[in-house]
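Next up is a structure, given as structure tokens.
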Amino acid sequence: MKAKILRIAVPSPLYRSFDYLAPEEAGALRPGMRVRVPFGQREQVGMLVELRDDSPVAPESLRPIVAVLDSEPLLPPDLLELSLWAQRYYHHPPGEVFSTLLPALLRQGRPALPHSAPLWRITPAGQQALADDNWRRAPRQQIVLTCLAKYPAGVPAEQLKHELPAGSDSLRALLEKGWVEKALDAMPVPRTLTTPPVLNPAQEQAVTEVCAALSGFAAFLLDGVTGSGKTEVYLRVVETVLNRGRQALVIVPEIGLTPQLLARFESRLHSPLAVLHSGLGDRERMNAWLAARDGSIGVVIGTRSAIFAPLKRPGVIIVDEEHDPSFKQQEGFRYHARDLAIVRARQLNIPVVLGSATPSLESLLNVQRGRYRCLRLPHRVGAAVEPPIEILDIRAQPMNDGLSRPLLNRIQAQLEQGNQVLLFLNRRGFAPTLICHECGWLSECRHCDAHLTLHLRRRRLICHHCGARQPLPPACPACGSIDLRALGQGTERIEEVLKQEFPGIGLARIDRDSTRRKGSLQALLQAVEKGERQILIGTQMLAKGHHFPDVTLVGVVDADQGLFGADFRASERMAQLLLQVAGRAGRAEKPGVVVLQTHYPQHPLLQTLVGGGYPAFAAAALAERQAAQLPPFTCQALLRADALEPESPWAFLTQALEVGKELSRDVELLGPAPAPMERREGRYRAQLLAQSARRPPLQAFLDRWVERLTELKTARKVRWSLDVDPQDLL
Ligand code: ADP
Ligand code: ZN
Ligand code: ZN
């Protein structure tokens, strides 16, 4: 029988799909196709999720769809299933879920056809020239050619423009010399591949175990210390998967931060590779998405949202740095890419590998409970050893703006031996606030419960929470004194200290301010690699995945930051961050050491980390979470609300609490309480926490609760959202 009703997810904040009438020739319609539908006064592109015979809506009130946009389902059945699962699990409006997972052009209803973009390619003559020529007079051309040499198959013009915004003149010059060519199509050019190293026994074991399990679902935790060769394990697994004619999906925290990882995949795998990340242009993104869907590329590497990449012949999913907080989307559709990786692998019946040197407590518990198999790489590759961590008690030590004399001396000693030093401070700007020495006035944001950060170089006070900025006041706004002082340290200030202390030494400051311009991070990292900069100072951008062979000393400028966080996850984050940063030291032949500056040398967290490393920390933290009945031993969902006046969120959450109390005995409701930062961007924020010892009662509760919440009168005066498995309570 022919279905007459089409259930369609239409982009809207409403927690439901909508029914429409099918056109006459509805036979060809299948779920996963896009349709254009009337919606309110406008037309929208919706996703067909179900064909039905009936609708709860009276037939005369149903409207027909306007057009069918696809002749084949755009979303393969598995992806449709995954999004429906995610909608139910995260309790998010269906239309917005589909908006999140489709590339913009497809979301807007463009035909699902790849745009062929022109490519730039290096010629054999260009390869030759790159090897011989003396480039002193054309450094720009050299940069362009070096970039092209990395992609013998050609680089889409759009991508090249993105990577080297200033390269177009150089390209013209190179074209004239015959060193580059413009092609219209990607011609698969065999790449010169690098030879893989011989695996050590632990790597061998890990690869063997995963490869023996390729024919069905299995979840692995690859728990390997920094520099233990996890990436090498991924590469071998991916190679095997490709050899079997299947595709690999690799999810990483931030692609921009790990150019080295991408380069490694490219230099090792024969198969074409698609990269999906937020920096892509719309067309590039759609092309990559479609290429993954039709199976013409073998490997998809991407950030969080790539977990929704379509795959024609899925073979394995890999999640690198699985503990990384960036896998959880913090606004809108608040999914967790690692958790979805597990769900997706199960649906696809393929293995999933989660890798980390500092696994999340969630994953460690899953290992304990027998849900994941643990593969261990306990040692660094080759002669490299994990660096010892030393606590440097800075109480009563002479300080130069955040750097103690003993640390400065140790930096000096390393520099004298020709080594590199990395300093970590997770706070950008010059100082976290400006204070009046006369009256105690502090620079505070007008819109948030937060201080304005002093950015001396830009001569601005900037709020890191809402972005508000203002010029530096010439005098104290409260008392008129001109004795305004910077309070505390940021990376900019540490850079200044280092300039004074080590004149003539090359510095690389790496944070969001110094890397705002495209390509600037790459340039800084290259300068470090070439040894032109001897000291690196930066935020958590430095913690991730970089391989600096000459770094022998890592200094954590302020280990106290994060010791007293409000969130119960603060210590886990802090331990992970410290050990990831520590992991940058001593990665090659030269041994390294990590020095933590602290005022609390006896703090149990620091003591545990120094004494027993991450395993000791994780064991203690899990025991604490269990005793306190916190995740991962319990399940949580956080209901947030905000409004321009303080009363509305309270009124809404108080009502939410009342209706919630009637719904379930197995779910505990805690709150309402003000958010840890109560005012942000001018809005007052409050929250209510739902917690349960088990998942099913919580999910059943949320199903009914959300339905009731949408009906509450007080809901109209607030912006509210539900965060299932919240990662931070801010
Ligand atoms: P991780 O991902 O655990 O940090 P990597 O895979 O990046 O570790 O390995 C660290 C370094 O050791 C890299 O430079 C890598 O090329 C090298 N390496 C990895 N495995 C081996 C091996 N079996 N033999 C020699 N070198 C290796
Ligand atoms: Zn004052
Ligand atoms: Zn602000």
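Please find, among GLY298, GLY302, GLY315, the residue that is more than 22 Å from the chain's Cα centre (by Cα), within 24 Å of LEU119 (Cα to Cα) and surrounded by 20 or more Cβ atoms within 10 Å (Cβ to Cβ).
On inspection, the qualifying residue turns out to be GLY298.
Among the residues that make up region 265-273, is at least one of them among the aliphatic types (A, V, I, L, M) and either part of a loop (DSSP other than H, G, I, E, B) or modelled with pLDDT of 95 or more (or both)?
So in region 265-273, the residues among the aliphatic types (A, V, I, L, M) come out as 269, 273.
Subset that is either part of a loop (DSSP other than H, G, I, E, B) or modelled with pLDDT of 95 or more (or both): 269.
Yes, there is a match, as at least one residue in region 265-273 is among the aliphatic types (A, V, I, L, M) and either part of a loop (DSSP other than H, G, I, E, B) or modelled with pLDDT of 95 or more (or both).
Condition check ((1) of a type in the set (Gly, Ala, Ser); (2) over 30 Å from LEU712 (Cα atoms); (3) open to solvent by less than 20 Å² (accessible area, probe 1.4 Å)) across all residues:
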site	(1), (2), (3)
ARG584	no, yes, yes
LEU596	no, yes, yes
GLY612	yes, yes, no
GLU645	no, no, no
LEU657	no, no, no
GLU662	no, no, no
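Considering only residues that are touching a residue at least 40 places away in the same chain (Cβ under 8 Å) and either of a type in the set (D, E, K, R) or open to solvent by 10 Å² or more (accessible area, probe 1.4 Å) (or both), which ones fall in region 687-705?
GLN687, LEU689, GLN691, ALA693, ARG694, ARG695, GLN699, ASP703, ARG704
Going through GLU589, GLU532 one at a time, which residue ends up being more than 16 Å from ligand 3 (Cβ to nearest atom) and under 23 Å from ILE494 (Cβ atoms)?
One residue alone meets the criteria, GLU532.
Could you grab me the full set of residues in region 470-520 that are more than 16 Å from ligand 2 (Cβ to nearest atom), of a type in the set (S, T, N, Q) and part of a loop (DSSP other than H, G, I, E, B)?
GLN489, SER514, THR515
Filter the strands (runs of 3 or more DSSP E) completely within region 8-66 down to those with at least 3 residues that are within 16 Å of THR100 (Cα to Cα) and within 39 Å of the chain's Cα centre (by Cα).
Because the criterion is at least 3 residues that are within 16 Å of THR100 (Cα to Cα) and within 39 Å of the chain's Cα centre (by Cα), the strands (runs of 3 or more DSSP E) in region 8-66 that meet it are 42-52.
Within region 392-416, how many residues turn out to be touching a residue at least 12 places away in the same chain (Cβ under 8 Å) and surrounded by fewer than 13 Cβ atoms within 10 Å (Cβ to Cβ)? Let's see the steps before the verdict.
Start the filter on region 392-416 by keeping residues that are touching a residue at least 12 places away in the same chain (Cβ under 8 Å), which leaves 392-395, 400-404, 406-408, 410-412, 414-415.
Those still in the list that are surrounded by fewer than 13 Cβ atoms within 10 Å (Cβ to Cβ) too: 395.
Residues flagged as touching a residue at least 12 places away in the same chain (Cβ under 8 Å) and surrounded by fewer than 13 Cβ atoms within 10 Å (Cβ to Cβ) within region 392-416 amount to 1.
I need every pair where a residue in region 458-484 that is over 15 Å from CYS439 (Cα atoms) has its Cβ under 6 Å from the Cβ of a residue that is in a loop (DSSP other than H, G, I, E, B) and open to solvent by 90 Å² or more (accessible area, probe 1.4 Å), sequence separation at least 6 or different chains.
Taking only residues 6 or more apart or on different chains, the pairs are CYS466/GLU681; LEU472/ARG459.
Within region 429-469, work out how many residues are within 16 Å of ligand 2 (Cβ to nearest atom) and surrounded by fewer than 20 Cβ atoms within 10 Å (Cβ to Cβ).
The total comes to 8.
Shifting gears a bit: Output the number of residues of region 528-557 satisfying the condition of being open to solvent by 10 Å² or more (accessible area, probe 1.4 Å) and of a type in the set (Gly, Ala, Ser).
2
The values are calculated or read from the model by the stated rules, or taken from the named source; none is laboratory data. Just so you know, these numbers come straight off a predicted model, no measurement behind them. Please note: Cβ atoms are built from the backbone with ideal geometry, for glycine as well, and neighbour counts cover all protein chains shown. Ligands, DNA and RNA are stripped out before the accessible areas are found, and what is left, the full protein with its side chains, is counted by its heavy atoms. Shrake-Rupley method; radii C 1.70, N 1.55, O 1.52, S 1.80 Å.
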